[in-house]
Amino acid sequence: MYHYMLDSYNSFRARLEDTSLIFEILERIPYQMGIKTTMPPFVLPYFNGVIPEDCGISAFIFLEGGHFTIHTFSYRECYFVDFVSPKPFDKEELTTLITRAFPADIFTNYYIDRREHTESIFKEVDEENDFGPHVFLEINPVNKKIDMEYLFNILDHMPRQINMTPIMRPYIIKNGEGDNTTYSALTMIAESHISLHYFPKENKAYFDIFSCRFFDQSFVLPKIIEILDGDKNLDYTLISRGSKYHQLKKSRKNKIDYSHQWLQK
C-alpha cells in the first residue's frame, strides 16, 4: 500500500471553499495519473462546526483499493491531502497536479510504502505546534469475516467509541470479482477521517485515522485494535501531520485585518 500525504499553508481561501473545484480535482487527478476510481467524488462542506475558524470542506473519492481525500480549512488557509493506492504512482506528478490547483506558500509531503518499515522518516508528535495525529495500522491476518455490513457497523460506531465526532454515515464499496475483490470503507469525522481497505485474497486490511485533535494514545489505539479484532500486540505507526500548524495557520482576525487594510492611513 502506497500512501502519499500533503500538508499545505497560506493557500487561497476562495479555492479552499470552492466545492466545484474540489469535486473536479478529485475526479480529474486520478484519471491523469492512470489510477482507476470506483465512485464519483463525495464533497461535504462543513461550515457549522464547534470552532468557526475550523470550517472548510472534507471530500473523498475511492480509488481501486485505496482513497484520495482533501480536507480544507479556508479561514486557516491550509489543506491536507491523502492519496492511498495499492499500486505505486509518481509522487512528483501528484504534487504538481495538486499544488497547481491549490497553490500554497508552504507545503510538506510524504510518500510511504506501508509494506515496509518507515519509522525512520517520521517526526515525533508535537502536540503544542502540529495539526494532529495520523495513525496507520496493518491488520494481518484479519480474524473476522469481512463484508459490507460488518464494515458499515465498524465505522458507524467507532467514532463515538473513541470520542470522535461523526459528520456522515460510513460510505462502503465493494469492487472487483474473485481474487481481485477489494472492500473500501470511509467515514468523515469533524476531526478528519477514518478509513479501512480490505483485500480478501491476502486476508489483509489497512486502517488509518487522521485527526485534527490529539488524543490519548493509551486509550484510542488499543480500542481501535479491539474493535477491529486484531492482535493485541499489533504494531502501529503514529505520525504528526501539519508541522508547526499553530505557528503558520491564519485566523479570522488576520482576514479582517487584511480586508480592511485599505482603510489604514
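The values are calculated or read from the model by the stated rules, or taken from the named source; none is laboratory data. Quantities reported herein were computed from a predicted structural model and do not represent experimental measurements. Cβ: placed from backbone, ideal geometry, glycine included. Neighbour counts: every protein chain shown.
Condition check for Ser8 on (1) surrounded by fewer than 17 Cβ atoms within 10 Å (Cβ to Cβ); (2) closer than 18 Å to Arg241 by Cα; (3) of a type in the set (S, T, N, Q): one failure, at (1).
Residues that are of a type in the set (D, E, K, R), modelled with pLDDT of 75 or more and crowded, with 19+ Cβ neighbours inside 10 Å: which strands (runs of 3 or more DSSP E) entirely in region 157-265 hold 1 or more of them? Explain how you work it out, then say what you get.
Working: elements: 171-175, 182-189, 192-199, 204-211, 236-241.
Result: 204-211, 236-241.
Taken residue by residue, region 84-99 has no member that is within 14 Å of the chain's Cα centre (by Cα), surrounded by 15 or more Cβ atoms within 10 Å (Cβ to Cβ) and aromatic (Phe, Trp, Tyr).
Which of the residues spanning region 11-32 are in contact with a Leu (Cβ under 7 Å, 6 or more places away or on another chain) and either among the polar types (S, T, N, Q) or under 20 Å from Phe47 (Cβ atoms) (or both)?
Keep residues of region 11-32 that are in contact with a Leu (Cβ under 7 Å, 6 or more places away or on another chain), which gives 15, 29-30, 32.
Answer for region 11-32, where residues must be in contact with a Leu (Cβ under 7 Å, 6 or more places away or on another chain) and either among the polar types (S, T, N, Q) or under 20 Å from Phe47 (Cβ atoms) (or both): Arg15, Gln32.
Of all residues in region 106-149, exactly one satisfies the criterion of being modelled with pLDDT under 75, among the hydroxyl-bearing types (Ser, Thr, Tyr) and not in a loop (DSSP other than H, G, I, E, B), namely Ser120.
Kindly list, by first and then second residue, each pair from a residue in region 88-108 that is closer than 22 Å to Arg76 by Cα to a residue that is of a type in the set (Lys, Arg) and part of a helix (DSSP H, G or I), limited to pairs with Cβ atoms under 6 Å and residues at least 6 apart or on different chains. Between residues of region 88-108 that are closer than 22 Å to Arg76 by Cα and residues that are of a type in the set (Lys, Arg) and part of a helix (DSSP H, G or I), the close pairs are Phe102/Arg15.
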